[in-house]
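Beneath this line is the structure, given in structure tokens, with notes to follow.
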Amino acid sequence: MPPHTADGSTPITLTTDGTVIPATLNETLTAQRFKNELPFTITLQRYSHDYCASAAPLETDKTEQQSGWTNGDIGYFDGWFTILFDGEKRSKDTTGVMIIGRVNDGRLDRIRKLGSSITVTVDLAQ
């Protein structure tokens, strides 16, 4: 059984080119479905506010969707896996956002410094 934090979230790591970035998955249905897919490796492209790529769909509870995001959120929505590192102030008009996790505090700068295309492996934290 994977470890859980006091709030029920699951510690994970995002690893790219030897850089390990700690994060957590939340308790949404989509996050729990995603956890069943770990380890998960995907090549992401950098855009103005995120790294993202098309991914296989996962079951989603529409009541857990929201509008917008907070920088550092990890999303899995509309067939896309995304690590959101910027744009939160302009994001509130984006609907149907499914947040499945979050990059740990103080680690977002590592994400912002990565290249234009990255291969990331998401796995349970050891």
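Coordinate-derived values only; no laboratory data. Model, not experiment: these values are computed from the prediction. Note: ideal-geometry Cβ built from the backbone for every residue, glycine included; neighbour counts use all protein chains shown.
So the values come out like this:
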{"quantity": "The chain: most fluctuating residue of 26, 71, 36 per GNM, C-alpha cutoff 10 Å", "calculated": "36"}
{"quantity": "12 Å cut-off, amide nitrogen to a point 7 angstrom out along residue 20 Cα→Cβ, residues in region 101-126", "calculated": "123-126"}
{"quantity": "Long-range HN-HN contacts of residue 80 with modeled amide H, under 5 Å", "calculated": "55"}
{"quantity": "Taking 123, 61 and counting other C-beta atoms within 10 Å, the order from fewest to most", "calculated": "61, 123"}
{"quantity": "Residue 121-residue 38 pseudo-label distance in nm [points 7 Å out on the Cα-to-Cβ vector]", "calculated": "1.4 nm"}
{"quantity": "Integer Hz, Karplus 6.51/-1.76/1.60 couplings in order for region 106-120, x for Gly and Pro", "calculated": "x, 10, 5, 4, 4, 5, 4, 8, 6, x, 7, 9, 9, 9, 10"}
{"quantity": "Theoretical ellipticity at 222 nm over the chain - DSSP helices of four or more residues, -39500 (n - 2.57) apiece, nearest 500", "calculated": "-2000 deg cm²/dmol"}
{"quantity": "The chain - charge dipole about Cα centre, Lys and Arg +1 at Cβ, Asp and Glu -1, debye rounded to 20", "calculated": "300 debye"}
{"quantity": "For the chain, with +1 on Lys and Arg beta carbons and -1 on Asp and Glu, the positive-most of 24, 12, 119 along the dipole", "calculated": "119"}
{"quantity": "Alpha-carbon Rg with Dmax, taken over the chain, Å", "calculated": "13.3, 38"}
{"quantity": "Placed amide H near residue 100: partners under 5 Å, 5+ positions off or other chain", "calculated": "74, 75, 76"}
